[in-house]
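The values are calculated or read from the model by the stated rules, or taken from the named source; none is laboratory data. Worth saying up front: this structure is predicted, and the values here are computed from it rather than measured. Quick reminder, even Gly has a Cβ in these numbers, built from the backbone with ideal geometry, and neighbours come from all protein chains shown. Areas reflect the complete protein model, heavy atoms only, side chains present, ligands, DNA and RNA absent. Shrake-Rupley method; radii C 1.70, N 1.55, O 1.52, S 1.80 Å.
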Amino acid sequence: MNEFKYYSEESLSALRCELKLLETVERQKASAAIAEARDKGDLSENAEYDAAKEAQGLLELRIGKLKNLIANARILDETKIDTSKVLIYSIVTIQNLANNMEMTYTIVPESEADFKAGKISVASPIAKGLIGKAKNAVATIQAPAGTMQFKIIKISR
């Protein structure tokens, strides 16, 4: 059963570009590598041929996965995000009540998560604890480091 996944326009465009690159450039490179290895003689003892065939199989697997992702992708209109509560694609500023440190995160789908860029997965413990909460609410979150409490300072898109 296929499940729809939501993406920003930018992320879906990146998936489409990757698929196009794999289908047009990388497929040809894989075919050329197989042909070159085949020309080197006996295929039963040709490790280069086996490696090229395996690489081609992995490439085709990735192409298939990307096609499936794109077919089941839905674009989330970020301009229509409700900023009265934390939702996917919300930009939320929180304050750790233990040390008063403030952090700002964007809640994104798992495929777009990039902690260094401040984008946390909707499936992460922090995001799960924040989803659905309004400004000034306190979220108690069970994280690997223990129970933490965060106050929601600001929600934007």
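What tally of residues in segment 137-157 results from selecting those that are of a type outside the set (Phe, Trp, Tyr) and either closer than 12 Å to residue 92 by Cβ or under 16 Å from the mean Cα position of the chain (by Cα) (or both)? Show your work before the answer.
Applying the first criterion (of a type outside the set (Phe, Trp, Tyr)) to segment 137-157 yields 137-149, 151-157.
Adding the requirement that they be either closer than 12 Å to residue 92 by Cβ or under 16 Å from the mean Cα position of the chain (by Cα) (or both) leaves 137, 139, 151-157.
The total comes to 9.
Do we find a residue being under 21 Å from residue 13 (Cα atoms) and under 16 Å from the mean Cα position of the chain (by Cα) anywhere in segment 123-132? Break it down stepwise before answering.
Going residue by residue through segment 123-132, those that are under 21 Å from residue 13 (Cα atoms) are none.
Checked against the condition, which is being under 21 Å from residue 13 (Cα atoms) and under 16 Å from the mean Cα position of the chain (by Cα), segment 123-132 yields no hits at all.
Working carefully through the options 61, 22, find the one that is under 30 Å from residue 89 (Cα atoms) and in contact with a helix residue (DSSP H, G or I) (Cβ under 7 Å, 6 or more places away or on another chain).
Numbers: 61 fails: in contact with a helix residue (DSSP H, G or I) (Cβ under 7 Å, 6 or more places away or on another chain).
So the residue among 61, 22 that is under 30 Å from residue 89 (Cα atoms) and in contact with a helix residue (DSSP H, G or I) (Cβ under 7 Å, 6 or more places away or on another chain) is 22.
Looking at segment 138-157 only, could you name the residues that are surrounded by 15 or more Cβ atoms within 10 Å (Cβ to Cβ) and not basic (Lys, Arg)?
Those that are surrounded by 15 or more Cβ atoms within 10 Å (Cβ to Cβ) and not basic (Lys, Arg): 139, 141, 148, 150, 152, 155.
For segment 54-71, does any single residue satisfy the condition of being over 23 Å from residue 19 (Cα atoms) and either touching a strand residue (DSSP E or B) at 6+ places or on another chain (Cβ under 9 Å) or among the aliphatic types (A, V, I, L, M) (or both)?
Our first condition is that a residue be over 23 Å from residue 19 (Cα atoms); within segment 54-71, this holds for none.
The answer is no, given that none of the residues of segment 54-71 is over 23 Å from residue 19 (Cα atoms) and either touching a strand residue (DSSP E or B) at 6+ places or on another chain (Cβ under 9 Å) or among the aliphatic types (A, V, I, L, M) (or both).
Considering only segment 1-10, how many residues are under 18 Å from residue 63 (Cα atoms) and open to solvent by less than 60 Å² (accessible area, probe 1.4 Å)?
So the answer is 0.
Counting residues that are in contact (Cβ under 8 Å) with a residue 60 or more places away in the chain and open to solvent by 60 Å² or more (accessible area, probe 1.4 Å), which helices (runs of 4 or more DSSP H) fully inside segment 11-130 reach at least 1?
Working: elements: 27-38, 47-71, 125-130.
Qualifying helices (runs of 4 or more DSSP H): 47-71.
For the structure I just gave you, tell me whether residue 109 is over 29 Å from residue 16 (Cβ atoms) and within 22 Å of the chain's Cα centre (by Cα).
Numbers: over 29 Å from residue 16 (Cβ atoms): no; within 22 Å of the chain's Cα centre (by Cα): yes.
For residue 109, the condition - over 29 Å from residue 16 (Cβ atoms) and within 22 Å of the chain's Cα centre (by Cα) - is not met.
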